[in-house]
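Report on one structure; see the data block that follows.
The values are calculated or read from the model by the stated rules, or taken from the named source; none is laboratory data. All values derive from a computational prediction rather than experimental measurement. Neighbour counts are summed over all protein chains in view; Cβ atoms, including those assigned to glycine, are modelled from backbone coordinates with ideal geometry. Please note that ligands, DNA and RNA were not included when accessible areas were found on the heavy atoms of the full protein model with its side chains. Shrake-Rupley method; radii C 1.70, N 1.55, O 1.52, S 1.80 Å.
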Amino acid sequence: MSRNSFSEASLWGTDAGQVEARLDPDSLLEGLTAPQREAVVQRGGPLLVIAGAGSGKTRVLTRRIAHILAMGDARPWEIMAITFTNKAADEMRRRVVDLVGADARDMWVSTFHSACLRMLRAHADVLGYQRGFTIYDAGDAETAVERIMKELNLDTKRLSPRSVAAAISAAKNEMLSPDAYAESGDGNPHHRRIAEIYHLYTARLMLANAMDFDDLLLNAVAMLKKDDEIRSNYQNRFKYLLVDEFQDTNGVQNQLVMMLAEKHRNLCVVGDSDQSIYRFRAADVRNILQFEQRFPDASVILLEQNFRSTQTILDAANAVISKNASRHAKNLFTDDVQGEKIRLYRAGDEYDEGRWVATELRRLATESKLSWNQMAVFYRTNAQSRVLEEEMLRASIPYRVISGMRFYDRKEVKNALAFARLIVNPRDEASARRVINEPKRGIGEAAQAKLGMYAAEHGLSFAESTHYAKEAGLTGRALGGAQKFSFMLDELRALANDLAPREVIDAIVRESGMGDALRAENSDEAYSRLENLGELASAASQYDTLMDFVERMALVADSDQLDGGAGAISMMTLHVAKGLEYPAVVITGLEETIFPHRRALSDDNELEEERRLCYVGITRAMRHLILTHAWSRTMWGHRMDTIASRFLQEIPSELVNDISATLPLRRIDYRDADGFTGRGTEFTEGRAFGTGAAPPVRSTGAEKLGLDVGDRVVHDRFGPGVVTKVEGTGSHARAAVDFDEHGTKQLVLAMTPLHRA
């Protein structure tokens, strides 16, 4: 394709007049509210449509495109519409085709990445690429980074390739070159090292005639900047540019939009600053907040009428989001019914919460005649799904985890459980093969084949064969890795004889290297996976022995999905929920440090994003909204008192029906350093509370010894020792003991055969 071959009229056999003749523009305005009609008919100059949740923005966008065509203001190939997902782009294109006919198929309706790829396929040679360049996905990029790091003799355990690839991606989203990234670190050697890898990675991609996903955006902008003719042609071509979900754009996407719209300035952006929830993906809410500063002559239209939710739900959403400072002020309303009050349940703990949620879903199915697929359960982090999933299974309620895996199907959880099974059953070959090279220890397929052959020849289990790795023919890194793996399993089995199941999971995460590997990645995904391992430790804390825990987890993990013929409850994180709607929504875990997340409590910008996330969750509900929090929650196996989320305090009490059936023994008011007040609880030791109280830990009486630092004790296995630390009470009582022959051990007294010397 030549640079001047932009006209596509010859492909149409039609012109704008024919489109106009087929469709009456006035018919496109039927059924629209006054603000919606205004957004459809506006012409001449920039347009900002602030579209509140459920306000019909997709309808406005598609009607606006159709109206432009019907009025003859542009030909189809002179319109570009951009959104964020292929599904949304396909839906937008389908709706416009339904309105104006097949001619509309030749509009540019696509995602940012698809539009950039289309331009680069035609003109990548301007940047030195061949037009048949390949595209690296995230896995390809990480592999390329790892190869470079090995060439530089860098320790990929201390600095993981995944974390480096994530840092490079973040730098590209901020439009930082390798040199600029190095300078941004203010001399930080870590920054300089990543910048060096970034520089080599960029050169390696060019040599391979390849681009990664971030490059599609960056290189499209670079191409338009570099070649005046190409830039001018695209600017002349697209008379009307429309961008959906503008609050989710990053710096590169914003710059691309501004460049393409520079000639005609017929730029329409649609979005809602109150629904900007992807800061962790480099989305910059300032792009929409500062649109009017960039275009002082912009028309601004507010879509505040909601067609989804009851007024009660909207009033709650308005009240919460009004606490944010960085936003376009608006007030959602509906002509629909006021609706029932929001139901709030204050659970004793997460088990009580999960069991009550299951009961509430059954009530909705019976009383409101809702099918399972009309209900959804939201949570802030993936780790929270574990207890909820277990309670759904116990209650025989079909469920599906949207855009994610069931808790026990997640890789890090399956790996930790595989180690636990190996401790209980050393001959478990499937578990041994699963984790022998997780994290990477250099024990590849060839080395594993040698171990398998040696085990078969000598009547050993696969795990036992690692004791004889040298005899099996392993050398170099594979030999060292197998020997470390064998030693680690022996250590874990020895520890498991004295540790509670929760402490065994902690030890697995620590000794296997899983924890260090995830922390080294230093990414949101890695921290989420660490939280999942913490939640697995919490699950283990409910069992007396590791055998009990492993057996129960096998039943849960291997449970067949319930019959989905009648549909299934949708379970998902709040981030995944954006763009969806359900007649009934349950939002769980509304507690400080969970929602809002602990990382947001010291950062005002992060806290505003958490509040926007709450607003998004609330406005997914159409008729029924249920909120829950727990007065106590187990985190990393430790029972912690919690504080109700500030978001609950921000919802007017007259909108809420607090139907908590089980009250804590005593409520306590808390006030933090910022003056925020919440409510916590105290429980009498051993008191069962709520309907889902965790099973008590079996006591051996050791915690009643009244130990102090310096006391001499004797352990049935480790022998005599000295107490060096004592903490906790009751079932949480722990002691550190320095044994004469076995060193220091961390002991859970309720589970330890210990007595005074």
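Partners of LYS578 within straight-line reach, counting lysines whose Cα lies under 18 Å from its Cα and excluding those fewer than 8 residues away in the same chain: LYS57, LYS87.
Spin-label model, ALA757 to GLU292: label points 7 Å out along the Cα-to-beta-carbon direction sit 7.6 nm apart.
Solvent-accessible surface (1.4 Å probe) assigned to HIS199 amounts to roughly 110 Å². Note on THR475 and ALA34: with the Förster distance fixed at 56 Å, the Cβ-Cβ geometry gives a FRET efficiency of about 0.10. With a Förster radius of 30 Å applied to the C-beta separation of ALA102 and LYS263, the computed FRET efficiency comes to 0.60. Taking every protein chain into account, the accessible area of the chain amounts to 43 square angstrom per residue (probe 1.4 Å). Taking 22 Å as R0, compute the FRET efficiency from the Cβ-Cβ separation of LYS411 and THR202 and round it to 0.05. The formula returns an efficiency of 0.15 here. Within the chain, antiparallel bridges make up roughly 40 percent of the DSSP beta bridges whose residues both belong there.
The alpha-carbon atoms of the stretch 466-512, seen along their principal axes, cover 37, 16, 8 angstrom, with the largest extent given first.
Label-to-label distance, ARG121 versus PHE307, with points set 7 angstrom from Cα along the beta-carbon direction: 3.4 nm.
How would you classify the stretch 470-555 from its alpha-carbon gyration tensor, with a ≥ b ≥ c the square roots of the eigenvalues: rounded for a/c under 1.5, else prolate if a/b is greater than b/c, otherwise oblate? Because a/c hits 1.5 or more and a/b fails to exceed b/c, the stretch 470-555 counts as oblate.
In the stretch 116-238 the Cα-Cα distances spread across 5 Å bins starting at 0 as 2, 11, 21, 21, 18, 12, 8, 5, 2, 1, 0 percent of all pairs. When the solvent-accessible area of the chain is split by element, carbon and sulfur atoms take up 48 percent of it, the probe being 1.4 Å. Solvent-accessible surface of protein heavy atoms, probed at 1.4 angstrom with all chains present, puts LEU601, LEU69 in the order LEU601, LEU69, largest first.
When +1 charges are put on Lys and Arg Cβ atoms and -1 charges on Asp and Glu Cβ atoms, the dipole computed for the chain relative to its Cα centre reaches about 580 debye. About its Cα centre, the stretch 494-540 has a charge dipole of approximately 80 debye under the convention of +1 per Lys or Arg Cβ and -1 per Asp or Glu Cβ, with nothing else charged. When ASP506, ASP349, ASP155 are compared by accessible area of protein heavy atoms, the largest-first order is ASP155, ASP506, ASP349, using a 1.4 Å probe. Taking all protein chains as shown and a probe of 1.4 angstrom, THR466 keeps an accessible surface of around 0 Å². Once the chain from GLU581 to HIS458 is taken as fully extended at 0.36 nm per residue, the excess over their C-alpha distance is 38.3 nm. Computed from backbone phi with θ = phi - 60° and the Karplus coefficients 6.51, -1.76 and 1.60, the 3J(HN,Hα) list for the stretch 485-492 is 5, 4, 4, 4, 4, 4, 5, 5 Hz; x is used for glycine and proline.
Would you work out which of TYR543, MET119, VAL357 lies farthest towards the positive end of the dipole of the chain, given +1 charges on the beta-carbon of Lys and Arg and -1 on that of Asp and Glu, about the Cα centre? Positive-most Cα among the choices belongs to MET119.
When every Cα-Cα distance of the stretch 197-356 is counted in 10 angstrom steps from zero, the calculated P(r) takes the values 8, 25, 26, 20, 13, 7, 1 percent.
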